[in-house]
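Working notes, structure below.
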Amino acid sequence: MRSLVIVGLVLALAGCGGYDDIDAMRDATMGSTAVVGGNTGSNNGNTTKCFEPNVLNASGVRVIDGDTVEVTQLSGQSERVRLLGIDAPESAQEYGTESTAALSQCVKNAIVTIEWTERDRYDRLLGKVIANNVDCNLNQLQKGAAWHYKEYQSSQTPYDRIEYANAEIVARLNGRGLWANRYPIKPSDYRSGKNSSDLNFNNDRLPSKGASKCYSKPSVGASGGSDTINPLPPTGAICSNFIKKTCNQITTCVEAEQQLLCGNTQIDGDKDGVPCESICPGG
């Protein structure tokens, strides 16, 4: 009887648009077998492949908006990261500025790592921003600074899908952040030029206890391909392995600033503290 109730709840949520991956949500609530590196562990008869994410250790972070950051490694390589599982108001949209500020506060003065498994069509990493062990993606939802991006939740772990969905519900019911407006516009609708959104919400929450924390597909570059990003030491590590570049070889201001911090003073010709002024404002 308990199994029938759980399956019925999952099917009902799927019909309401709450979850679009019935199999994953069933596994999340009823348990599954995880397979990692050839090892298995089971709490029922189901078997699900379990893949580990890539991990990027950031030495610098620049917040672009409420769901996008640019991170730099000590090597000088920079990457844009689209926060997986959330969709924040656009910068010019209502609550866009506050959303950006909330994410900035989450990563401020923190040791930041990125867990990611794939890239989007703009070649950004799709990942989870972890700052001093805080999930900044989830934090955005808890503060009412973003929506749970259900259209792309299949890339999340079953555990995160549930936690993120529940966080949005709690923030919405308590009128936090963007939910202080009873009729907010979804960022995806705003980008499409719409001035209203279908706000047919489902406020039923699911338990996350026992849900799988495994990603359902292998990480891009996990086998050593061109997309592999080798983890580097976190903030505070020495710059001895840093490769100096000229401004013509640098593509972003974040990378230029990291080069200067690691002693590459040739890119700050006028010694005003602003490197590569052709790409860095304020020079």
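Among the residues of segment 133-155, write down those that are modelled with pLDDT of 95 or more and either closer than 10 Å to residue 84 by Cα or not in a helix (DSSP H, G or I) (or both). Scanning segment 133-155 gives 134, 135, 137, 138, 143, 144, 145, 146, 147, 148, 149.
Residues in segment 195-217 that are more than 21 Å from residue 157 (Cβ to Cβ), surrounded by fewer than 15 Cβ atoms within 10 Å (Cβ to Cβ) and without any contact (Cβ under 8 Å) to a residue 40 or more places away in the chain: 6 in all.
You will find that of 115, 79, the residue that is touching a residue at least 24 places away in the same chain (Cβ under 8 Å), open to solvent by 20 Å² or more (accessible area, probe 1.4 Å), more than 23 Å from residue 259 (Cβ to Cβ) and in contact with a strand residue (DSSP E or B) (Cβ under 7 Å, 6 or more places away or on another chain) is 115 and no other.
Looking at segment 237-283, which of the residues that are open to solvent by 40 Å² or more (accessible area, probe 1.4 Å) and in contact with a Lys or Arg (Cβ under 9 Å, 6 or more places away or on another chain) is modelled with the highest pLDDT? Among them, the one singled out is 266. Of the residues in segment 122-136, none is open to solvent by less than 30 Å² (accessible area, probe 1.4 Å), over 12 Å from the mean Cα position of the chain (by Cα) and among the aromatic types (Phe, Trp, Tyr).
Within the span defined as segment 183-194, every residue fails to be assigned to a strand (DSSP E or B), under 20 Å from residue 63 (Cα atoms) and open to solvent by less than 30 Å² (accessible area, probe 1.4 Å).
Before we move on, is residue 92 part of a helix (DSSP H, G or I) and either within 26 Å of residue 56 (Cα to Cα) or among the small types (Gly, Ala, Ser) (or both)?
no
For segment 153-168, which residues satisfy the criterion of being open to solvent by less than 10 Å² (accessible area, probe 1.4 Å), of a type outside the set (Val, Ile, Thr) and out of contact with any His (no Cβ under 9 Å at 6 or more places or on another chain)? Within segment 153-168, 153, 156 qualify.
The values are calculated or read from the model by the stated rules, or taken from the named source; none is laboratory data. Because the structure is predicted, anything quoted here is derived from the model rather than measured. Because the Cβ atoms are built from the backbone with ideal geometry, glycine has one as well, and the counts that use them run over all protein chains shown. Side chains are part of the model used for accessible areas, which takes the heavy atoms of the whole protein and leaves out ligands, DNA and RNA. Shrake-Rupley method; radii C 1.70, N 1.55, O 1.52, S 1.80 Å.
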